[in-house]
1. Compute the Kirkwood hydrodynamic radius of chain B, taking the inverse of the mean of 1/r over all pairs of distinct Cα atoms, and give it in Å to one decimal.
2. GluC sites (Glu not before Pro), restricted to the range A:24-77: which are DSSP loop and have at most 14 other Cβ atoms within 10 Å?
3. How large is ³J(HN,Hα), in whole Hz, for each residue of the range A:84-96 in order, when computed from phi with the Karplus curve 6.51 cos²θ - 1.76 cosθ + 1.60 and θ = phi - 60°, using x for Gly and Pro?
4. I'd like the Karplus ³J(HN,Hα) series for the range A:68-76: coefficients 6.51, -1.76, 1.60, θ = phi - 60°, whole numbers in Hz, and an x wherever there's a Gly or Pro.
5. Report relative contact order for chain B in percent, whole number only (criteria: Cα-Cα under 8 Å, sequence separation at least 6).
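Just so it is clear, none of the values below were taken in a lab; they were calculated from the coordinates. These figures come from a predicted structure and were not determined experimentally. Virtual Cβ from ideal backbone geometry, glycine too; neighbours counted across all protein chains shown.
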Amino acid sequence: DSGVTQTPKHLITATGQRVTLRCSPRSGDLSVYWYQQSLDQGLQFLIQYYNGEERAKGNILERFSAQQFPDLHSELNLSSLELGDSALYFCASSSFSLNSPLHFGNGTRLTVT
Amino acid sequence: DQQVKQNSPSLSVQEGRISILNCDYTNSMFDYFLWYKKYPAEGPTFLISISSIKDKNEDGRFTVFLNKSAKHLSLHIVPSQPGDSAVYFCAASARRNNNAGNMLTFGGGTRLMVKP
């Protein structure tokens with residue numbers, strides 16, 4: 001158990017809809033990262049937050065947004081969903097140590113029909 | 001532009017033999033490298049890491065080798081066990097000084113199958 005909790009585990013929705021994915025980091029971790037994995041491909045970095053502030057942005061679509069709350073949990077909002085958004089979405093957390101590995105949750109599998 | 005590449009999508013080895021998984025990178029700013037293992041329906045699990053100041057790091061059956069001049073790293077598993085069957089991802093980071101943590105760039109993964 002990595003200590004990172006993601007909900008829900010599965011999500012099925014229709015095109016054009018909006019969903020929210022939730023992540024609770026490991027106790028004490030201030031950094032939260034979101035990654036997307038499509039069709040057994042590698043993990044693509046979306047966005048990183050540190051103690052409530054956005055720190056880095058990757059290949060995140062404008063239809064997607066995220067935030068980290070004062071209790072350090074994070075939410076990833078996906079709107080105007082398209083079929084191609086179907087993927088596994090992983091959240092990870094880490095401490096602020098430069099050599100600290102990321103610890104991943106078990107992901108949310110999003111299916112857009 | 002894939003900055004981290006794992007050119008072998010799959011690898012099959014016999015139980016007890018050595019498994020060697022390879023990874024290449026292009027970004028010379030990367031200075032911290034990690035290997036993750038992923039089972040189906042689970043998130044990636046951290047396995048082992050290496051800093052660019054080293055060329056080898058060992059943890060039990062797992063050893064990571066780094067060749068900076070070739071921008072290449074490899075993971076050796078000896079001896080391989082059936083429970084090692086999983087997808088292995090290599091990842092790299094260009095550490096920053098803002099204490100914000102380590103954003104990782106991942107390779108596409110190699111599926112390892114260890115046959116009994």
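1. Details: mean 1/r = 0.0697 Å⁻¹.
Its Kirkwood hydrodynamic radius stands at 14.4 Å.
2. Details: sites: A:Glu53, A:Glu54, A:Glu62, A:Glu75; in loops: A:Glu62.
Those that pass, being in a loop and sparsely packed, are A:Glu62.
3. Computed from phi, the couplings for the range A:84-96 are x, 7, 4, 5, 8, 10, 10, 10, 9, 9, 8, 7, 8 Hz.
4. Calculated HN-Hα couplings, in order: 10, 8, x, 7, 6, 6, 10, 10, 10 Hz.
5. Details: 278 pairs, mean separation 42.5, N = 116.
The value is 37 percent.
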